[in-house]
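Structure first, then comments.
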Amino acid sequence: MVMKHTKVGIIGAGLTGLIAAKALSSKGVEVSVFEKLSQPGGRMRTENIDGWKLDVGFQVLLTAYPYLKKHVEFSKLNTFTVEAAATIFRDGKTTAVGDPFRTKNILFKTMFSDIGSIKDKWLIFQLKRYVDKRSIDYIFDERNRTTIEFLQEFGFSQQIIDRFFKPFFGGIFLENQLTTSSRMFLFVFKMFSKGNAVIPKAGISAVARLLEAKSINAKFNYNCEITKVDQETIHFKNGEKQSFDYVINTIPNYGKRKDLDQWQNCYNLYFEHSAPAIIKQARIGLNANENRLINNIFYPSVHQSPQDKKGKSLISVTVLNSNGLKEIQIIEKVIQELRADFNIKDARLIKMYEIPYALPKLDGPVNTISFDQSTKTFEVGDFLMNGSQNAACKIGEMVAERILEDLG
């Protein structure tokens, strides 16, 4: 068969590269994957530090993502479910809100919380009905505006926008002014509405390891630094080069592409403290206080119990905007806010991650694309459609199908 004599080089072992490798190698194509780091995953990596498993950037898997669900067997990941709820911290008080159909004992707390009016809470129910009635393709064809414009048009008050939507969806979009496209907001809201948010107990890198194992005929090469791609030839930093029939490049030249005018970045800090976790459930905590660095917190220690960490808690802190502060200043300010807003007085820094290019900012996200029929080198990733795990999986499948169609 032609496919057995076809060589495809894939640059990057993130979701897109892994899905493409799995799809092509399953058809007998000779696939070589090149990754700069020492492990697969790209933006979905886990590191073992000081006895804890740290995901490089707090993130969850949404089980309703159709292409993630298609390619990743959640039953093999040994996941735990993050509650469909949030604890909101504001002015020294805490408020619990959530989906009463999926979270126990949350109905009355939500109804009587001060995040918004009764009308606001009714509108959330109406918004759920709104997205449930619309297909994903329909959502991505809707009139495009910012998320905050959509929320205001829908009738939500500024109070609930500031106290719930900004901290919650700010943590997802990595910007808390809600300038992200309303299409992305509706898509993500629909995914949260239809399924669960889960995290692998072994860390988010379990997804990449599972996909790597399913690409049984692909060759994975780690610690490979690439200097350039010249047509279908990949050049490596050590001076070597390899030629292929097709090249899939999942690592864009950040800042040099005309269609990528901006990327969102963030900081993820992990601290250990001796006091009991201030949120004892697998639930996100939102910081609704004004002018803060901390956007949200989460306790990975609710599912991790290292032998030498008894009596210790591990807290993940997400910072969206450094406000021009240096790294040491960010750490100091976060520790101050942990003490003032969350009453955590003995936080010890385990690791701080600066995550550049964490999420593409696209003015008009879409749900599908088409490829040039004459090309044999592809630059692909979620940045071509929308910034999501679902798009990363879908684009990996699509580029593999495009090559297989070319091969007949």
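A short reminder: the numbers here are calculations on the coordinates, not readings from a lab. Note that the structure is a prediction, hence the values are computed from the model and not measured. Cβ atoms come from the backbone with ideal geometry, glycine included; neighbour counts cover every protein chain shown.
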* Structure fact -> Highest GNM mean-square fluctuation among N48, N78, N296, for the chain with Cα springs under 10 Å, belongs to N48
* Asked: For the chain, what is the calculated [θ] at 222 nm in deg cm²/dmol (nearest 500), taking -39500 (n - 2.57) for each run of four or more DSSP H residues and dividing by its residue count?
  -> -8500 deg cm²/dmol
* Mind jotting down the three principal axis lengths of the stretch 351-394 based on Cα atoms? Whole angstrom, largest first. => 46, 22, 18
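For the residues E153, E30, E35, what sequence is obtained by ranking on other C-beta atoms within 10 Å, fewest first? Show your work: numbers first, answer last.
On the way: E153 10, E30 18, E35 26.
Placing the least packed residue first, the sequence is E153, E30, E35.
I need to check one value: relative contact order of the stretch 132-274, counting alpha carbon pairs closer than 8 Å and at least 6 residues apart, in percent.
Details: 89 pairs, mean separation 25.6, N = 143.
Computed over the stretch 132-274, the figure is 18 percent.
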* Among L18, L286, L127, whose mean-square fluctuation peaks in a Gaussian network model of the chain (Cα, cutoff 10 Å)? -> L127
* Treating each Cα of the stretch 170-296 as an identical point scatterer and ignoring solvent, apply the Debye formula and state log10 I(q)/I(0) at q = 0.10, 0.16, 0.21, 0.22 Å⁻¹. => -0.61, -1.23, -1.39, -1.42
* Structure fact -> Sorted by chain and then number, the residues having a modelled amide H within less than 5 Å of the amide H of T79, at least 5 places away or on another chain, are K201
* Within straight-line cross-link reach of K70, aspartates and glutamates at Cα separation under 13 Å, skipping those fewer than 8 residues along the same chain -> E397
* Asked: Which one is right for this structure if Cα Rg over 2.2 N^0.38 Å is calculated from it: [x] 1.01; [y] 1.44; [z] 1.13?
  -> [x]
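Semi-axes of the equivalent ellipsoid of the stretch 116-195: what are they in whole Å, largest first, if each equals the square root of 5 times a C-alpha gyration tensor eigenvalue?
On the way: eigenvalues 65, 45, 27 Å².
Ellipsoid half-lengths, sorted descending, are 18, 15, 12 Å.
From the cross-link list K201/K280; K93/K326; K69/K214; K93/K309; K22/K76, which pairs have alpha carbons spaced over 19 Å apart?
On the way: K201/K280 16 Å; K93/K326 30 Å; K69/K214 15 Å; K93/K309 29 Å; K22/K76 17 Å.
Correct reply: K93/K326; K93/K309.
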* Separation in nanometres of the label points that stand 7 Å from Cα toward Cβ, at S370 and E153 -> 2.8 nm
* **Relative contact order for the chain, counting Cα pairs under 8 Å that sit 6 or more residues apart, in percent** => 26 percent
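Once you have the Cα-Cα distance between N221 and W122, take 0.36 nm times their residue separation minus that, and quote the gain in nm to one decimal. Mind dumping the intermediate values first?
Values: separation 99, 0.36 × 99 = 35.64 nm, distance 5.25 nm.
Length difference between fully extended and current span is 30.4 nm.
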* Tell me, what are the semi-axes, in whole angstrom and largest first, of the equivalent ellipsoid of the stretch 27-83 as set by the roots of 5 times the Cα gyration tensor eigenvalues? -> 23, 20, 10
* To do: May I ask you to derive the relative contact order of the stretch 271-340, considering only C-alpha pairs under 8 Å and at least 6 residues apart, and to give it as an integer percent?
  => 36 percent
* With the chain treated as a Gaussian network of Cα nodes joined by springs under 10 Å, which of P40, P356, P167 yields the largest mean-square fluctuation? -> P356
* Asked: R102 versus E240, label points 7 Å from Cα toward the beta carbon: distance in nm?
  -> 4.6 nm
* **Quotient of Cα Rg and 2.2 N^0.38 Å for the stretch 335-408, N being how many residues it contains** => 1.81
